[in-house]
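One structure is given here, and the rest of the page talks about it.
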Amino acid sequence: MAVDWLEQSLLDAVRDGEMLDLAGDGPVDEAAMRSWDGAHTVSAALIRDLVRGRRDIEADPHGLRLRGARITGRVDLANITSDLRVELVDCFVPDGLNLCDSQLPGLVLDGSCFGHPAGSHDPPVDAARFTAPVMTMRGAVANADTPSGAVRFLGAHLGLLDCDGARLSNTSGPALHAEFLRVDHSVFLRDGFRATGVGEQGTVRFAYAHLGRLACDGARLSNTSGPALHADGLRVDRAVFLRAGFRATGAGHSVLALNGVSVGSLWLDTSGVTRSGQATGALVGIDGLTYGDLPAPVGLSRWLELLRDHTPGYSAQPYQQLAAVHRAAGHDSEVRDILMAQRRDQIDRGGLRRRDRAWARFTGLALGFGYQPWRALLLLFAVLASSVALAVVLGGPGGGLEHTARASKPTTPCSIVERVGVGMDLGLPAVKTGAQDLCAPTGTHAGQTLTVAGWVLQLAAWALATLFIAGFTGAVRKT
């Protein structure tokens with residue numbers, strides 16, 4: 001009799017557009033749901049018949065609205081196109097829900113708990129290729145032991161997906177499998193959203209999906225044997241938010257796999273991103289990641305640290321992308337810092353040959369890799385100062401310099417001014433004071449030392465002058 005009464009009550013509620021609430025003020029946590037008796041039990045077959053329009057009632061536009069029910073059997077809505085909106089709120093669905101290839105005007109699963117039969121590989125919520133303007137799973141729970149995922153949206157098309165506060169767990173695969181998902185507006189995984197999974201597919205998988213916006217503020221993702229978030233090839237028209245308490249723990253190649261992602265604005269804070277246990281490797285993979293605005297909320301120094309220390313290996317593209325958005329914002333000094341950081345990372349991790357690495361280190365010291373040519377001028381001034389100091393010291397009492405035959409008093413010691421002039425002639429390329437015509441090195445030890453030092457200083461001066469010109473014109477810059 002209880003079943004007949006419940007069936008009629010649900011039929012009446014669908015006809016009148018009302019919520020059939022079987023829980024009332026009672027508890028609706030998972031433990032309470034498992035203790036519900038026949039007074040809460042609704043057949044999955046009845047729900048399917050209502051969605052298909054097989055019962056002789058005229059459904060209200062509010063649709064099927066059920067709360068606090070224990071649904072027996074797997075709710076099979078596959079391959080159904082219906083005008084009936086469905087709400088299963090705070091319901092216990094131990095055998096899960098099948099939405100494959102179906103189309104509904106709206107679906108609400110808030111607070112419900114889903115599982116799947118032992119030994120079955122079906123996801124607790126299978127929404128592969130499901131179509132709906134709005135689907136919400138706020139506070140829902142899904143527990144699985146299947147490689148297919150706890151909740152699967154493979155190839156689905158939604159207007160809005162709201163999973164705020166949901167708790168998804170899978171001991172054999174991803175918790176949220178949304179590869180090739182399309183969402184026109186937003187995907188919300190916020191406000192205590194928790195996902196635990198295993199494997200290289202990732203705990204939350206958005207690979208090659210196309211979303212309007214992705215908000216994961218405050219979400220917590222965990223994977224002991226693969227990435228926490230696998231989003232390679234994801235396209236997001238507006239913004240991605242991974243901040244405000246976002247936590248991710250994973251293993252494998254990287255904890256956050258964001259390679260080839262295209263996004264309008266990126267808000268990424270990796271302070272809560274860690275490796276599982278003793279696992280070694282990168283925190284993020286962002287090769288091919290593109291974004292239109294300056295990344296936030298962390299500053300440039302943190303971004304450069306992320307690219308240098310927490311990516312799988314050197315790649316030019318992340319640095320070039322970061323430089324491009326700063327250049328577009330008119331931050332020329334930041335652009336130089338980024339490109340210099342890129343060159344340093346290339347030296348350390350780019351696999352350069354020994355001679356290329358040595359040349360790169362030298363140009364980094366002398367020119368800032370071509371982005372700070374003033375360094376060569378400073379070194380040139382240092383060479384000039386050294387030349388003057390040597391000429392003054394060695395050309396003095398040690399007899400390293402004396403007047404030539406062209407002077408008024410040949411073979412006599414040179415004055416301090418003349419010694420300074422000789423030093424300037426040695427340290428300045430292409431510019432001569434004429435002091436060497438009147439004052440020249442002698443054959444003494446000091447004079448010979450000054451002669452040899454002069455050759456070296458002249459070579460250094462010419463090299464630095466050439467480097468300055470090359471750096472000023474950008475001839476030594478590489479990416």
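Residue pairs whose Cβ atoms lie under 8 Å apart, separated by 6 or more positions or on different chains, with the first residue in region 388-406 and in contact (Cβ under 8 Å) with a residue 40 or more places away in the chain and the second open to solvent by less than 30 Å² (accessible area, probe 1.4 Å) and of a type in the set (Val, Ile, Thr), are ALA391/VAL422; GLY395/VAL422; GLY399/THR442; GLY400/THR442; LEU401/VAL422; LEU401/THR442; GLU402/THR442.
Each row is one residue, and each column tells you yes or no for (1) among the polar types (S, T, N, Q); (2) touching an Asp or Glu at 6+ places or on another chain (Cβ under 8 Å); (3) surrounded by 23 or more Cβ atoms within 10 Å (Cβ to Cβ).
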| residue | (1), (2), (3) |
| --- | --- |
| SER43 | yes, yes, no |
| ARG67 | no, yes, no |
| ASP76 | no, no, no |
| LEU88 | no, no, yes |
| PRO94 | no, no, no |
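Taken as a whole, region 304-320 holds no residue that is among the charged types (D, E, K, R), crowded, with 20+ Cβ neighbours inside 10 Å and in a helix (DSSP H, G or I). Output yes when any residue across region 194-210 is more than 21 Å from the chain's Cα centre (by Cα), aliphatic (A, V, I, L, M) and surrounded by 20 or more Cβ atoms within 10 Å (Cβ to Cβ), and no when none is. Checked against the condition, which is being more than 21 Å from the chain's Cα centre (by Cα), aliphatic (A, V, I, L, M) and surrounded by 20 or more Cβ atoms within 10 Å (Cβ to Cβ), region 194-210 yields no hits at all.
The residues on offer are ALA251, ALA257, and the sole one that is touching a residue at least 24 places away in the same chain (Cβ under 8 Å) and touching a His at 6+ places or on another chain (Cβ under 7 Å) is ALA257.
Within region 8-21, is there a residue that is hydrophobic (A, V, I, L, M, F, W, C), open to solvent by 40 Å² or more (accessible area, probe 1.4 Å) and under 16 Å from ASP110 (Cα atoms)? The answer is yes; a qualifying residue exists. Count of region 147-164 residues, restricted to those that are surrounded by 21 or more Cβ atoms within 10 Å (Cβ to Cβ) and more than 21 Å from LEU234 (Cα to Cα), is 0.
Determine, yes or no, whether PRO117 is touching an Asp or Glu at 6+ places or on another chain (Cβ under 7 Å) and surrounded by fewer than 18 Cβ atoms within 10 Å (Cβ to Cβ). If you could, list the steps in order and put the result at the bottom.
On the way: touching an Asp or Glu at 6+ places or on another chain (Cβ under 7 Å): yes; surrounded by fewer than 18 Cβ atoms within 10 Å (Cβ to Cβ): yes.
For PRO117, the condition - touching an Asp or Glu at 6+ places or on another chain (Cβ under 7 Å) and surrounded by fewer than 18 Cβ atoms within 10 Å (Cβ to Cβ) - is met.
Within this structure, GLY252 fails the test of being crowded, with 24+ Cβ neighbours inside 10 Å, part of a loop (DSSP other than H, G, I, E, B) and small (Gly, Ala, Ser). Say we look at region 166-193 and pick out the residues that are open to solvent by 20 Å² or more (accessible area, probe 1.4 Å) and polar (S, T, N, Q); which of these is nearest to GLU30 (Cα to Cα)? Within region 166-193, the match that is nearest to GLU30 (Cα to Cα) is SER169.
Looking across region 277-301, the residues that are under 24 Å from THR249 (Cβ atoms) and modelled with pLDDT under 90 come down to GLY277, GLN278, ALA279, THR280, GLY281, ALA282, PRO295, ALA296, PRO297, VAL298.
The values are calculated or read from the model by the stated rules, or taken from the named source; none is laboratory data. Since the model is a prediction, treat every value here as computed from it, not as a measurement. When we count neighbours, we look across all protein chains shown, and the Cβ atoms used for this are built from the backbone with ideal geometry, even at glycine. Protein only, heavy atoms only, side chains kept; ligands, DNA and RNA dropped before computing areas. Shrake-Rupley method; radii C 1.70, N 1.55, O 1.52, S 1.80 Å.
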